[in-house]
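A quick write-up on the structure given underneath.
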Amino acid sequence: MLIEPVFGKKFFGREEVLCTLQKRVAALKGGYRQNMALTGPMLAGKSSILRHFLDNVGDSEIIPLYIEMDGMDFRLFCMQFMAALLFRYLKSNGRTAHELLAELQKEAGPASKYDRESEFEALKKICGGMIPKTVNCMDAVLGLLKQRRTNAAYEKILELTSVFKTETDKNCIVILDEFHNLSNFKLRKPFQTFGKFIMVQKNTMYVVSSSQKTLLKEILSRKLSLLFGNFEIIEINGFDSRTARSFISDKIDRSEFLNDIKNYFIQISQGSPFYLEVFIKEFSDLILNVDAKENAVECLLEVFSRVLYDSNGVLNQYFMNNLNFFLEKKKRKNFIAVLVSLAKGNCTIKSIQKDLKKKDCDLGMKLQKLQDMDLLETSGGFYIISDKLFEYWLKYVYCLKEQSVIDDVDIKYLEFKKNIGHDYERYRVESRKDVKDIICDLFRAFDNSKVQVNMNLRKIPRFDVVESRSLSKNIVEIEGGLSTKKWICHLKQNDMADESDVGRLCDLKDRDKEFKIMRKILIPLEGIEQNAFLLAKEQNIWVWDIEFINRNLRFFGKFEIVL
Ligand SMILES: Nc1ncnc2c1ncn2[C@@H]1O[C@H](COP(=O)(O)OP(=O)(O)OP(=O)(O)O)[C@@H](O)[C@H]1O
Ligand SMILES: [Mg+2]
């Protein structure tokens, strides 16, 4: 299955990260270089962002180079790097794609006849008179490659953008997608060498990206340790719920009676544009011929059957491939048993152990390995499968197909539909609840276990009572009490939180010495102004955003809030 990045008209949302990238470009021109790293789960849309950015830099003084480092050898990497530099340079001089193609064909002959090498030679010929020093440096790279001196060629290619800058006064932005693959090139200390170069090259901005989150962070923090802090890391996750909703509405005409279904798609896919695209494509075809609400639910079940359950369903194949790709054949069975147990809702070592029915001394190691592969996330003693739809598929499809004792295709299919129908109904009931009640339920679920708050693990007590009261139209106070101690939380809805919201929490004093306020928390559902956030930090008030709330709702086996 070929899944390609989208750009141009198909590209949706992502304004915030594109804006940050543009700001860094402006800073680069002003003489301040900030390298960036994009990380996030598979198919979250990293390459699409990079491609879209590449096409929209729109400044002839900045030369962006994009290299997708997947499935290539070092020679090809060098060729693509150099060709991208020459091609983008020519484009920055005002040539259109048509003109460039015509020039290339004049030099190298018709496209059907030339190969990669002759295309590159043609580019070099066109540029030779304009940027001779850069082209000489490229020839040096080619010479070293020919002599099989790959390490020297690597250093030479890293020099290239500096030579180009001296010659043209243009800055380069080097975008390396799936950057972790640098380690496949059989170079001596590839990351350390990279680190050494980029530290001194203040005129070249690097944007690296990888879907292997843990590995990328490890590379940035350990292998490029000299530069820790020099890369600004941006995590790309699914669309937030509002963007996801407009992404869906753009693709379905008659969507007025589909709110529940849309929200169900959004929470199950965690806003992943790829999953949403697959669901909606199938759903919009089916819903065209349907009027009534009840039939819309039938459509939903049919879509899930087609894409998640059928053996040739896009997502069924995708998840099956992932299982095979990530897990070595020899050990696959044992790891899958752990994943399945997690998907069934067992989220502590103890409960997984119990579910597996035999003592597995390697369980801790397996959970760690699954985390290193970014398949699991942990918080305190809890584990969950990072990708919620993958969890859903393991639970409702994989388990049923692989582990059910009844070997009847029709019965399994009916069972599948019945189960997802129940899940949808459960969601509908839960989503009717008021947000404050959902958050109160979360407070009731805390059980003395540790929860990750601001990079630290913090114990949250089991409260004896949890109560809420409305302070104003937009603010609800939630109190969690245990004996004479209280945790007080203000939930701000409908509007961004500002300094007055933080001030209100600051002013709370221990009432009549009857109880002591142990902790103050602000939950700004619509975001928080920067100053207010800093003030809260200074006052030791915890700020829990919607991502935090949703993550913890998941850890406690509850549906997330779709705003
Ligand atoms: N901004 C977007 N607008 C519309 N669709 C998107 C967007 N981002 C991603 N998609 C959808 O998700 C798919 C995967 O996107 P993309 O290849 O950019 O993800 P990725 O994070 O680079 O994936 P990988 O982990 O495989 O590198 C696209 O084919 C498209 O269907
Ligand atoms: Mg990609």
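Please treat every number below as a calculation from the coordinates, not as lab data. Keep in mind that what you see is a predicted model, and the values were worked out from it rather than measured. Cβ atoms come from the backbone with ideal geometry, glycine included; neighbour counts cover every protein chain shown.
Here are the numbers for this structure:
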{"quantity": "Pairwise FRET efficiency - ASN531 versus LYS412, Cβ, R0 = 56 Å, nearest 0.05", "calculated": "0.50"}
{"quantity": "Distance between modelled label sites at MET455 and LYS401, nm, 7 Å Cα→Cβ extension", "calculated": "4.2 nm"}
{"quantity": "Degrees, to the nearest 10: 314-326 long Cα axis against longest axis of the chain", "calculated": "80 degrees"}
{"quantity": "Over 28 Å [Cα-Cα, the range 8-235], rounded percent", "calculated": "29 percent"}
{"quantity": "Extended-chain gain in nm, criterion 0.36 nm per residue less alpha-carbon gap, THR20 and SER118", "calculated": "31.5 nm"}
{"quantity": "Segments 279-290, 174-185, 318-329 sorted - mean Cβ within 10 Å per residue, highest first", "calculated": "174-185, 279-290, 318-329"}
{"quantity": "Gyration tensor (alpha-carbon) shape descriptor, the range 355-402, a/c threshold 1.5", "calculated": "oblate"}
{"quantity": "Using distinct alpha-carbon pairs, which all enter the 1/r mean, Kirkwood radius of the chain in Å", "calculated": "26.9 Å"}
{"quantity": "Nonlocal amide H pairs with SER272, under 5 Å, H built at 1.01 Å", "calculated": "PHE239"}
{"quantity": "Estimated inter-spin distance, ARG428 and SER183, nm [label 7 Å along Cα→Cβ]", "calculated": "4.8 nm"}
{"quantity": "Sequence ranges 387-394, 189-196, 457-464, 338-345, ranked by mean other-Cβ count within 10 angstrom, highest first", "calculated": "387-394, 338-345, 189-196, 457-464"}
{"quantity": "Rounded to whole Hz, the Karplus (6.51, -1.76, 1.60) HN-Hα couplings of the range 351-357, x for glycine and proline", "calculated": "6, 5, 3, 5, 5, 6, 6"}
{"quantity": "Nearest-20 debye value, the range 435-555 charge dipole, Cβ charges on Lys, Arg, Asp, Glu", "calculated": "580 debye"}
{"quantity": "Inter-label distance, nm, simple model (7 Å from Cα along the C-beta direction), GLU103/LEU288", "calculated": "4.5 nm"}
{"quantity": "Length-normalised contact order for the chain - Cα pairs under 8 Å, 6+ apart - percent", "calculated": "11 percent"}
{"quantity": "Distance histogram for the range 435-555 (every C-alpha pair counted, 5 angstrom bins, percent rounded to whole numbers)", "calculated": "2, 11, 22, 26, 22, 13, 3, 0"}
{"quantity": "Vicinal HN-Hα couplings computed from phi for the range 471-485 (Karplus, 6.51 cos²θ - 1.76 cosθ + 1.60; Hz; Gly/Pro x)", "calculated": "8, 7, 4, 10, 10, 10, 9, 10, 10, x, x, 9, 6, 9, 10"}
{"quantity": "Tilt relative to the chain, helix 363-372 - C-alpha long axis, 0 to 90 degrees, to 10", "calculated": "50 degrees"}
{"quantity": "Environment charge at LEU176 (Cβ cut-off 13 Å; Lys +1, Arg +1, Asp -1, Glu -1)", "calculated": "-3"}
{"quantity": "Cβ-defined net charge surrounding ARG551, 13 Å radius [Lys, Arg +1; Asp, Glu -1]", "calculated": "-2"}
{"quantity": "Amide hydrogen neighbours beyond the local backbone of VAL207, cut-off 5 Å, H modeled", "calculated": "MET36, VAL174, ILE175, LEU176"}
{"quantity": "Extension gain from LYS329 to ASP464, taking 0.36 nm per residue of separation minus the Cα-Cα distance", "calculated": "43.8 nm"}
